[in-house]
1. How far, in degrees from 0 to 90, does helix A:305-314 lean away from the longest principal axis of the Cα atoms of chain A, to the nearest 10?
2. Where in region A:304-333 is the amide nitrogen less than 13 Å from a point lying 7 Å along the Cα-to-Cβ axis of A:Ala373?
3. What is region A:318-383's relative contact order, in percent, from Cα pairs under 8 angstrom and six or more apart in sequence?
4. Given the -39500 (n - 2.57) contribution per DSSP H run of 4+ residues, what per-residue ellipticity at 222 nm results for chain B, rounded to the nearest 500 deg cm²/dmol?
5. Between A:Ala191 and B:Leu33, what is the FRET efficiency for a Förster distance of 51 Å, r being their Cβ-Cβ separation, to the nearest 0.05?
6. When only Cα pairs under 8 Å and 6 or more residues apart are kept, what is the percent relative contact order across chain A?
7. How are the alpha carbon pair distances in region A:109-187 distributed across 10 Å bins from zero to the largest one, expressed in percent?
8. Helix A:240-255 sits at what angle to the longest principal axis of chain A, using alpha carbons and giving 0 to 90 degrees rounded to 10?
Amino acid sequence: MNASPVYLDAASAAPLHPVARQALLAALDDGWADPQRLYAPARRARQLLDAAREAAAATLGVRPDELSFTPSGTAAAHSAVLGGLAGRRRAGSGLVHSAIEHSAVLHAAERHVAGGGTATSVPVNRVGRIDLDAWSTAVGAPGTALAALIAASHEVGTVQPVAAAGAVCAAAGVPLYVDAAQVVGHAPVPAGWSVLTASAHKWGGPPGVGLLVVRKGTRWESPWPMDEREAGRTPGVVNLPAVVAAAASLRAVAADAAARSARLARLVDRIRARVATEVPDVEVVGDPEDRLPHLVTFSCLYVDGEALLHALDRRGFAVSSGSSCTSSTLRPSHVLAAMGVLSHGNVRVSLHRDTTEAEVERFLTELPGIVGALRAEAGVVGL
Amino acid sequence: MTAPEVIDCRGQRCPLPVITLARRLPELPVGALVRVLADDPAAAVDLPAWCRLRGQEFVGRVDGPDGPGFDVRRRR
Ligand SMILES: Cc1ncc(COP(=O)(O)O)c(C=O)c1O
């Protein structure tokens, strides 16, 4: 069967925005020289880098000297966590983070603990929102050096109370790091943070560009061997053509974010409602209201997540899953586990600027039959 | 109190332990307690979630010599 492809995994990587493609091609010709050098092509490269930084900073509402480009969102998250802890060594070695951080943050936390530090994971409720009381207790504990909170869950879309969590941190004198990878380009960036990261391929920029923003006055110290590029925050030469494309596309997506997000949010509402009524025994997870505009997650009882992904793929649908059988570690998503929701038969659908109503309709029309066929095959109908 | 019936789902990958429980529980009287032995890490998430969705009681987890066990009581 060759069904036309429907790409519904923008939260992993959004299709390249046309502005990004254009800027990338132009910068490949114009921005290959080392911006550190003192000759004409290098000065041109430096101008492109400065302009990209200014554009990205203006879009996020920060100062250009607060923003560094990193080799990925993961590298930015590692820098944010380990650098935030290094800079606050004298205050203590405690890291506080939500139970539903991205694995990049959790792996940095593991490194910190392996080095003798401590990490406290703050639980979330059934819809995936942190428990603010537990957050306050953890942040207020003696020796807390840094707190990390994802702006909105990459797996279930629930928006976190960043402003309230930030107020708690401010009162305790603890800097807050916010992983905004799923928010930047889709929704306004919340206030109240000291360190922020994002990832270009989530908004339609090229893969391999992250943003690390360290607010003036934040005690942050690079955890990497010394390198003077990017204000000493991240080592190595930047991929300038990709950085130029990332900044140009960020400006473009931010300009029409409100209208696009409103359209995608209505499509997500439709998916949430129709999946819940038209697929038997399904749990649509995450906050129905306070959520990302473009992302929805549900779990189908008794269905193998990997089989479901393959069946959808055969019909042309590209989605992702938090089910254990689809992960290399064979562990269920730590996000679904922390929420206490079904982890098998899990599907994450995430929309992008080119997602059409017709594509969503086709998905919704075919899904019940696909799930039904898998259940019939497994002999679990009516169980 | 009699010992709970043991359903051995060791070696099964999710969703099989949940399916096995869903097949067996309705055959037992309301109030009966079963212990599902399951070593797939997803079982620890999915067995309690199934109980919540189906209105059954998830009594708790016991880690014994047979590995993780999950006690469930039929409520309806
Ligand atoms: C919330 C969040 N943080 C960090 C990352 C890592 O970004 P990257 O893919 O650029 O390494 C991702 C992407 O998977 C993400 O969704």
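1. 90
2. A:308-317
3. Details: 42 pairs, mean separation 17.1, N = 66.
Relative contact order comes out at 26 percent.
4. Numbers: 2 runs with 21 residues, N = 76.
Theoretical 222 nm ellipticity from helices: -8000 deg cm²/dmol.
5. Details: r = 51 Å, r/R0 = 1.00.
Taking R0 as 51 Å, the efficiency between A:Ala191 and B:Leu33 is 0.50.
6. Values: 816 pairs, mean separation 86.4, N = 383.
Dividing the mean separation by the residue count of chain A yields 23 percent.
7. Each 10 Å bin holds this share of Cα pairs: 18, 49, 31, 3.
8. 60
Here, each number is a calculation from the coordinates, and none is a lab measurement. Quick caveat, the model's predicted, so the values are computed rather than measured. A quick note on method: Cβ atoms are made from the backbone with ideal geometry, for glycine too, and the neighbour counts reach across all protein chains shown.
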